[in-house]
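Below is one structure, written out as structure tokens, with a few remarks after it.
Laboratory data are not the source of any read-out in this text; all were calculated from the coordinates shown. Given the structure is predicted, the values throughout are model-derived calculations rather than measurements. Glycine also receives a Cβ, built like all others from the backbone with ideal geometry; neighbour counts cover every protein chain displayed.
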């Protein structure tokens, strides 16, 4: 209930729920995008789910860069093939970010 949520509210960002990967943020979209970029949040990985974000976080993988570098790891309760696809996607996105820094006008 609303009162329960209000009573349990701590204001601590560590207590917040994971964002929805394709969630709509309305007028807060630009702020949310900046928030995710500044924190290199896993929500930015194309095709990722909230459940996968939680499993990766429990395994100590909390950023897109960390996921890109974790190709040889295994994550409890996350299918290895799914993990491999997510890690490959994270590497691709990290490379695209690096390319855009070097060549901002590139497609």
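Run the quick spin-label model on residue 22 and residue 36: label points 7 Å from Cα toward the beta carbon, then report their separation in nm to one decimal.
So the two model labels end up 1.2 nm from each other.
Contact order normalised by length for the chain, with contacts defined as Cα pairs under 8 Å and 6 or more residues apart; what percent is it? Don't jump to the answer; show the numbers that get you there.
Numbers: 80 pairs, mean separation 21.4, N = 107.
Once normalised by length, the contact order is 20 percent.
For 63, 10, which order do you get if you count the other beta carbons within 10 Å of each Cβ and list the fewest first? It would help to have the intermediate numbers written out before the result.
Values: 63 18, 10 8.
Arranged by neighbour count, lowest to highest, 63, 10 become 10, 63.
What nm value, rounded to one decimal, do you get for the distance between residue 65 and residue 79 when each label is placed 7 Å out toward the C-beta?
3.1 nm
Please report, largest first and rounded to whole Å, the three semi-axes of the ellipsoid equivalent to the stretch 59-104, where each semi-axis is the square root of five times an eigenvalue of the C-alpha gyration tensor.
Working: eigenvalues 111, 20, 8 Å².
Semi-axis lengths for the stretch 59-104 are 24, 10, 6 Å.
Give the span of the chain's Cα atoms along each principal axis, as three whole-Å numbers ordered largest to smallest.
48, 36, 19
Highest mean first, what order results for 72-80, 1-9, 95-103 on Cβ atoms within 10 Å?
Numbers: 72-80: 12.1, 1-9: 7.7, 95-103: 10.4.
Those peptides, ordered most packed to least, come out 72-80, 95-103, 1-9.
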